[in-house]
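Below is one structure, written out as structure tokens, with a few remarks after it.
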Amino acid sequence: MLRYDLRHLKDDFEPRMKEILKSHPAGQVGIFLFEIGDFTPIQRSADLVKESGYELLNSLKFNEVDWTIVVKKS
């Protein structure tokens, strides 16, 4: 299981997340943390996960401003 903290990127986390997904090992679970702001990043992240060929295992609110998603590529 690998954890990636993208909170420091604020609303501009998608390019880095896409880069990570390209190199993330198949079969390995990945946990991404990012800021949600107005909740639109949640759908954008789910779309990115699907486009990259990953399965979204879990998506949950971590605290008042942060969101966590768990992904895996078979």
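Just so it is clear, none of the values below were taken in a lab; they were calculated from the coordinates. Everything quoted here is computed from the prediction, not taken from an experiment. Every residue, glycine as well, gets a Cβ built from its backbone with ideal geometry; the counts of neighbours run over all protein chains shown.
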Expressed as a percent, the portion of alpha-carbon pairs in the range 13-64 spaced more than 15 Å apart is 44
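Taking the Cα centre as origin and putting +1 on Lys and Arg beta-carbons and -1 on Asp and Glu beta-carbons, what dipole magnitude results for the chain, to the nearest 20 debye? Walk me through the numbers before you get to the answer.
Details: 11 positive and 12 negative charges, 69 e Å.
The dipole magnitude comes to about 340 debye.
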Charge dipole of the chain built from unit charges on the beta carbon (Lys, Arg +1; Asp, Glu -1), centred at mean Cα; most positive-end Cα among GLY27, LEU48, LEU6 is GLY27
Across the chain, qualifying lysine pairs (alpha carbons under 13 Å, at least 8 places apart or different chains) come out at 6
LYS72 and LEU33 label points (each 7 Å along its Cα→Cβ direction) are spaced in nm at 2.2
